[in-house]
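Here's the structure, in structure tokens; my notes come after.
Derivation of every value follows stated rules applied to the coordinates shown; laboratory data play no part. Please read all numbers here as calculations on a predicted model, not as lab measurements. Backbone-built Cβ (ideal geometry, glycine too); neighbour counts: all protein chains shown.
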Amino acid sequence: MKRILSLLSAALVALVSYAQVSYEVIPLPRSIELSPKSETFTLAQGALVTFASGDDAMASNAKLLADYLKSDANFDVKVQADVKKGASIVLQLADSKQKAKAKKGAPVLSEAPEAYLLTVGEEGVAIKANTPEGVFRGIQTLRKAIGTEAGDKVELPYVTIQDEPRFPYRGVHFDCARHYFSIDFLKQFIDVMALHGCNNLHWHITEDQGWRFEVKSMPELAKKGSVRKQTVIGRNTGLYDGKEYGGYYTQQECRELVDYAAKRFINIIPEIDLPGHMLGALHVYPELGCTGGPYEVWPHWGVSADVLCAGNPKTLEFLKKVLDEVADVFPSKYIHIGGDESPRNRWKDCPKCQAKMKELGLTREAELQTYINKELEAYMQKKGRDLIGWDEILEGGLSEKAIVMSWRGSEGGIAAARQHHRVIMSPNSHCYIDYYQLKEQWYQPMAIGGYLPMSKVYSFEPTAELTEEEAKYILGPQVNLWTEYVAYPEHAMYMLLPRLDAISEVQWMEADKKDFENFKSRLPRMLKLYRKLGYTYCSKQE
Ligand code: ACM
Ligand code: ZN
């Protein structure tokens, strides 16, 4: 009787445990093959995680895995390098000799740099990849599979998971200029990105409403340019809060953030938005504007007619000095130079700008913007950097290597891809997560407007209308979080989650594998994890 009871209770525990573990995480891996016999490997509290010593990134991976299991599920594992026998989780880099010797029928690891193979069998759990980055992506899948309720042990069904992302670029944009967000919150933001397999944080740090990047050769720029006297209440109501608002990121803080992100295989792309959206800088250096100012750091929202003067040689000198320090602080191959919403009226009326056009033989003001971009591109190419610009940079003719970020719909991106320029797709139709996410606006905090439900983000197809050849120029999709109306971390998270879940499947999964109903069935486990980790999210989804 006792024996039967203990068998029964073991079966019950197994059943409960099965319910806890699910490999059908978000984003859904390419291939999940469960063993037909339903065996499980028991991962017990205190289990050993190991990796081959001598690679800092792998050591960091192992430590992060331990941290994740602790924060997600109160589950303790021990990390120890070079354990030969008895480790429950092995993190490995694939070596080519091993690959050549692989047994017939053994699961194959694709050549893609971020591909990973996650297996659970008699020997335990193994995550194998070509790079530490691939191992990190596999770690995210494992932690999500384990979920939030591990108890004393987790029963992991035997499985072989093969996975790799569809797109090499998987971005999230965050505007930290309209409102300032702390470095601590930015680290949490990066954690959330890592959880979803994103790999580029497009960090918008200069604006009409505040310049938030320290430039050591021009200390006044951030000190004065980051501060606005007050902020408009609501949507440009004409009423102001009367409270000074400021804050900027020191280079030391930026470096710390770059390092934090790099450990999570996320690159930070800084954006210095130019020649428009520059009132933060123009307030400090009014001689860089066509009219000479004075200019104030804007206390309200919108598009300013005042932009940098394209005919003043000091403008390029200023920008190069800024970009020198940007490039020094941010190792990113890509640097974003904005280019959006820069009216050309001032240039029409400015003798310096007109003289410049004459000198260069230009007939349209839009070409002046291309002139600036080309100068900066040549300058930054010498530092080995490529420039990204919003799709307005197409208007005066593209500089040679520029990457276009398509935001006013996908048309700009499609045109650029057809000209064989690289493209990041973040059309406002599907990727602007500063829009309302529910139909009933009263139910939500005030947003900029629009309506972008999770289902619409999910339906985004970044290479629609392109031939297979043209589609190769699409680096990947990105969601954009502008913050005119988002002033606090909880609100930013609310805008991000769970629409980030939707974009993560656009970023990772082949189009024909996506299935919205299936995605929705997998979402509750993610929401549970958000509750465990204290992330605010939109609890209703459309
Ligand atoms: C943008 O939304 N102004 C790029
Ligand atoms: Zn001018």
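Tabulated data for the structure shown
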quantity: DSSP beta bridge pairing in the chain, given as percent antiparallel to the nearest 5; calculated: 40
quantity: Using alpha-carbon coordinates, inclination of helix 2-20 to the longest axis of the chain, degrees; calculated: 20
quantity: Size of charge dipole - the stretch 77-158 - debye, nearest 20, with Cβ of Lys, Arg +1 and Asp, Glu -1, no other charges; calculated: 320
quantity: Neighbour-count order for Ile233, Ile393, Ile272, Ile89, fewest beta carbons within 10 angstrom listed first; calculated: Ile233, Ile272, Ile89, Ile393
quantity: Potential extension, Gln45-Ser60 segment - 0.36 nm per residue separation minus Cα distance; calculated: 3.4 nm
quantity: Thr463, Thr131, Thr237 arranged by Cβ crowding within 10 Å, fewest neighbours leading; calculated: Thr237, Thr131, Thr463
quantity: Dipole-positive endmost among Leu156, Cys176, Gln188 within the stretch 151-193 (Cβ charges, Cα centre); calculated: Cys176
quantity: Calculated [θ] (222 nm, deg cm²/dmol) that DSSP helices of n ≥ 4 give over the chain, each run adding -39,500 (n - 2.57); calculated: -11000 deg cm²/dmol
quantity: Potential extension, Asn518-Lys321 segment - 0.36 nm per residue separation minus Cα distance; calculated: 65.9 nm
quantity: Under 17 Å from Lys348, Cα to Cα: lysines that are on another chain or at least 8 residues apart; calculated: Lys356, Lys358
quantity: Helix 56-73 axis, angle to the chain major axis (alpha carbon atoms, nearest 10°); calculated: 70
quantity: Neighbour-count order for Arg346, Arg422, fewest beta carbons within 10 angstrom listed first; calculated: Arg422, Arg346
quantity: Calculated FRET efficiency for the pair Lys84/Lys229, C-beta based, R₀ 51 Å, to 0.05; calculated: 0.20
quantity: Chain lengthening between Glu490 and Asp241 when straightened (0.36 nm per residue, less Cα-Cα); calculated: 87.5 nm
quantity: DSSP-defined antiparallel bridges as percent of all bridges, the stretch 122-278, nearest 5; calculated: 25
quantity: Rounded to 10°, Cα long-axis angle of helix 313-329 versus longest principal axis of the chain; calculated: 20
quantity: Lys/Arg +1, Asp/Glu -1 at C-beta; the stretch 270-383 dipole; positive extreme among His336, Pro294, Gly311; calculated: Gly311
